[in-house]
Amino acid sequence: MNRRKFLKQAAVTSVALGSLPLAGGEALADDGKRKQYHFLVLSRDAGGAGPEGVIISGEGAFGSGEVSGGGVFDHFRFVPPPPFPVVGTGTWKAKKFVSFTLAPVHPPSNPEGRHGVLQAGILKMTADFHPQGGGRVKGVALEVVCNLGPAGANNPGKEEGVYITLPNGHEFEPTKPPTTTGVTVFSTNDGSNDNNNDD
């Protein structure tokens, strides 16, 4: 399965089906096995409804206190008409693993919030942003939230998406009201058994 098909399928799975309201306990997921993260989302400032937005994508892996990977970002102002003015755009790279927490709401029979090779939870890490034509921005906090409806797993009080905190305190959150402007997901396999049957 190629990346575009994967993200499209994950979007339908994670966003369209919603989360089932079943209670469970919170657990840390440091089992020594590496997991992958995948996302493409729109976040906005001022509690998810402000005048500035960040489209950010990312892919990478984490486990045993380490994180790798990165992606691209586009920071802009919602000033019509399009194209909206760009504040900064470029790449980012994961630098430091902070934590990975399993979704605290899940069916008793599914305490790890899994559905196939996918898993719900919250990944926290720091990253360095590399805007085009500007200096590196170190220590950007990223919080990647995945609510996985088919698994009956979610993170109460956290919308699906990416929460971004810049070193100057400027914060971005998933859009409010929630929309289908992106998807986040974690996967529990390393891809070694993927047959890649693309027709």
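The values are calculated or read from the model by the stated rules, or taken from the named source; none is laboratory data. Because the structure is a prediction, the values reported are computed rather than measured. With ideal geometry, Cβ positions are generated from the backbone for all residues, glycine too; neighbour counts draw on all protein chains shown. Note: accessible area is taken over every heavy atom of the protein model, side chains too, but ligands, DNA and RNA are not part of it. Shrake-Rupley method; radii C 1.70, N 1.55, O 1.52, S 1.80 Å.
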* **Residues being surrounded by 13 or more Cβ atoms within 10 Å (Cβ to Cβ) and either free of Cβ contacts under 8 Å to residues at least 12 places away in the same chain or not in a loop (DSSP other than H, G, I, E, B) (or both) - total across region 162-178** => 8
* For residues that are aromatic (Phe, Trp, Tyr) and closer than 16 Å to Thr91 by Cα, scanning just region 59-80, find the one that is surrounded by the most Cβ atoms within 10 Å (Cβ to Cβ). => Phe73
* Among the residues of region 91-103, count how many are farther than 20 Å from Val183 by Cα and crowded, with 18+ Cβ neighbours inside 10 Å. => 1
* strands (runs of 3 or more DSSP E) within region 37-113 that include 2 or more residues among the aromatic types (Phe, Trp, Tyr) and under 19 Å from Thr175 (Cβ atoms) -> 66-77
* Looking at this structure, is His106 open to solvent by less than 60 Å² (accessible area, probe 1.4 Å) and touching a residue at least 40 places away in the same chain (Cβ under 8 Å)? -> yes
* **Residues being part of a loop (DSSP other than H, G, I, E, B), open to solvent by less than 10 Å² (accessible area, probe 1.4 Å) and at positive phi - total across region 114-161** => 1
